[in-house]
Amino acid sequence: VEDGIFLVVGAPFPDSVTGQVSSTIDGGFLIRNGQLAEPVKGALLAGSIFDFLGRIDAVSSDYREEAGAIMPAVRVRDVLVSAE
């Protein structure tokens, strides 16, 4: 990723009826020129889970396992992020 956000902590769960996602980024880092840069906290991630799923363009081969959940890193392109 050349420029973007690396989300470390957040809860981007969709509304079960509409599929809309509106979640704060509780912890992450800006990515500039392919390198992790300054921390991001409190930005807003918004959109449709269906759009997010259609925009996945990479899934890592390594993963993190917590409480029985296997979580690979997923790259999603063109997601709306808003911050003050």
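Quick notes on this structure:
- Taking the conditions (1) farther than 12 Å from V79 by Cβ; (2) of a type in the set (S, T, Y); (3) part of a strand (DSSP E or B) in turn, S16 satisfies each one other than (3).
- Against the numbered list (1) open to solvent by less than 80 Å² (accessible area, probe 1.4 Å); (2) without any contact (Cβ under 8 Å) to a residue 24 or more places away in the chain, E66 comes up short only at (1).
- Among the residues of region 50-63, the ones that are open to solvent by less than 100 Å² (accessible area, probe 1.4 Å) and at pLDDT 90 or above come to 8 in all.
- Those residues of region 25-47 which are loosely packed, with under 15 Cβ neighbours inside 10 Å and modelled with pLDDT under 90, in sequence order: D26, G27, K41, G42, L44, A46
- All positions within region 19-37 that are assigned to a strand (DSSP E or B) and farther than 16 Å from L80 by Cβ: D26, G27, F29, I31, R32, Q35, L36, A37
- Selection count, region 69-84, where residues are out of contact with any Phe, Trp or Tyr (no Cβ under 7 Å at 6 or more places or on another chain), exposed (fewer than 11 other Cβ atoms within 10 Å of the Cβ) and in a strand (DSSP E or B): 3
- When residues of region 64-84 are limited to those that are acidic (D, E) and modelled with pLDDT of 85 or more, the one farthest from G28 (Cα to Cα): E65
The values are calculated or read from the model by the stated rules, or taken from the named source; none is laboratory data. Quick caveat: nothing in here was measured; it's all calculated off a predicted structure. Every residue, glycine as well, gets a Cβ built from its backbone with ideal geometry; the counts of neighbours run over all protein chains shown. Heavy atoms of the whole protein, side chains included, go into the accessibility calculation; ligands, DNA and RNA do not. Shrake-Rupley method; radii C 1.70, N 1.55, O 1.52, S 1.80 Å.
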